[in-house]
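Structure first, commentary second.
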Amino acid sequence: MVKSFSIVLALIVFTTSPNFARSGKTGLSFLKVGVGARALGMGEAYTAVAADPTATHYNPAALTLARHPQLLLMHKEWIQDVQTEYIATKASYEKFHFGMAVNATSVNDIELRTTPGPAQGTFSSRNAAIGITGAYEISPSLSLGVTGKYLYEKIFIDEASGFGVDVGGWYQTPWRVRLAMAVNNLGSMNELRRESSPLPTIIRVGGSYEAILERVHGSLIIASDIVTIKDEDELHLHTGAEFQYKETFSIRLGYQAGYEAKNVSAGIGLQYKILQLDYAFVPFKYDLGSTHTLSLLFNFH
């Protein structure tokens with residue numbers, strides 16, 4: 001069914017403000033949107049936690065937290081029938097860790113109107129990022145990483161491309177506390193309809209604490225990030241927790257402060273041998289509906 005969007009509304013929802021944060025003058029807002037069901041269930045408090053290929057999105061240095069090759073597949077259904085597909089993988093050689101990720105977001109069958117009246121047709125919008133990550137384990141308690149990525153956007157018949165860079169690091173303290181920092185989306189785009197969009201540069205500073213709960217055969221991770229986005233006045237506080245039982249079942253909760261249309265999130269995870277299946281639920285306000293995210297992680301031990 002054709003969606004009842006005008007071109008203006010569609011561009012606002014999809015390319016300008018999917019999170020209903022204060023979007024400022026930056027473009028490619030899909031780069032602000034989180035990936036990975038585990039991360040989303042924990043409120044995206046993930047800068048110091050990302051021990052899977054989604055480190056290519058949150059903190060490239062966290063790629064060293066996973067000791068074995070991994071492959072992650074993700075599908076997300078979110079507001080206004082926008083869909084995101086994400087695939088990422090990682091491998092390592094001694095202290096060097098490498099990753100690659102493809103992040104694609106699309107919306108189809110948007111009604112085209114340039115004047116009031118019947119629709120003149122339909123169009124689609126596409127955004128994609130293809131990234132290559134390298135991370136180095138300086139010591140067992142310190143790692144640094146960098147991601148280079150090719151960016152692409154298409155709205156109706158107009159196209160633009162560009163390049164971005166992410167940098168990050170983490171430090172493991174002696175008290176089960178890990179500290180981390182990342183800067184995402186440094187770079188630029190070429191012109192789309194005679195105007196280039198600045199990238200939504202994001203600064204993340206976070207920490208996590210992991211407790212081993214021997215009496216209940218589980219573990220508990222508590223994490224928090226402070227996030228600032230270019231051209232937005234507010235700081236965003238992301239907090240999350242994950243309880244894992246016998247490395248087979250996980251339950252997650254998260255909260256994000258500073259966004260107008262979302263705050264809470266929840267998720268679950270199931271682990272069996274090399275497979276990990278994760279689900280995240282994020283409700284939105286203003287009758288926008290909810291997002292549902294599924295991830296499948298392969299751990300090749």
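Brief remarks follow.
- Residue pairs meeting the criteria (Cβ under 8 Å; at least 6 apart or on separate chains; first under 12 Å from Val33 (Cα atoms) and of a type in the set (Lys, Arg), in the stretch 75-96; second surrounded by fewer than 17 Cβ atoms within 10 Å (Cβ to Cβ) and modelled with pLDDT under 90): Lys76/Gln83
- Only residues that are touching a strand residue (DSSP E or B) at 6+ places or on another chain (Cβ under 7 Å) and in a helix (DSSP H, G or I) were counted across the stretch 29-47, and they come to 7.
- One residue stands out among those in the stretch 193-238 that are among the hydroxyl-bearing types (Ser, Thr, Tyr) and closer than 17 Å to Ala62 by Cα: the one that is nearest to the chain's Cα centre (by Cα), which is Ser224.
- Just one of (1) at pLDDT below 95; (2) surrounded by fewer than 17 Cβ atoms within 10 Å (Cβ to Cβ) fails for Asn127. It is (2).
- Residue satisfying condition, being at pLDDT 95 or above, of a type outside the set (Asp, Glu) and not in a strand (DSSP E or B), within set Ala88, Ala101, Ala119, Ala50: Ala50
- Residues satisfying the stated conditions in the stretch 151-168, i.e. aliphatic (A, V, I, L, M) and closer than 14 Å to Leu186 by Cα: Leu151, Val165, Val167
- Given (1) farther than 16 Å from Ile203 by Cα; (2) at pLDDT 60 or above; (3) not in a loop (DSSP other than H, G, I, E, B), index of the condition His57 fails: (1)
- Exactly one residue among Val264, Val227 is crowded, with 17+ Cβ neighbours inside 10 Å and within 20 Å of Gly36 (Cα to Cα), and that residue is Val227.
- Residue count for the stretch 130-159, restricted to those that are buried (at least 18 other Cβ atoms within 10 Å of the Cβ) and more than 15 Å from Thr105 (Cβ to Cβ): 6
To keep it simple, each residue is scored yes or no on (1) exposed (fewer than 14 other Cβ atoms within 10 Å of the Cβ); (2) out of contact with any helix residue (DSSP H, G or I) (no Cβ under 7 Å at 6 or more places or on another chain); (3) among the aromatic types (Phe, Trp, Tyr); (4) free of Cβ contacts under 8 Å to residues at least 12 places away in the same chain.
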| site | (1), (2), (3), (4) |
| --- | --- |
| Ser161 | yes, yes, no, no |
| Val165 | no, yes, no, no |
| Thr173 | yes, yes, no, no |
| Arg176 | yes, yes, no, no |
| Leu179 | no, yes, no, no |
| Ala182 | no, no, no, no |
| Ile203 | no, yes, no, no |
| Glu214 | yes, yes, no, yes |
| Leu237 | no, yes, no, no |
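- Out of Glu232, Glu210, one residue alone is crowded, with 18+ Cβ neighbours inside 10 Å and of a type in the set (D, E, K, R). It is Glu232.
The values are calculated or read from the model by the stated rules, or taken from the named source; none is laboratory data. It should be emphasised that the depicted structure is a prediction, and the values quoted were computed from it without experimental measurement. Cβ coordinates were reconstructed from backbone atoms using ideal geometry, including for glycine residues, and neighbour counts include every protein chain displayed.
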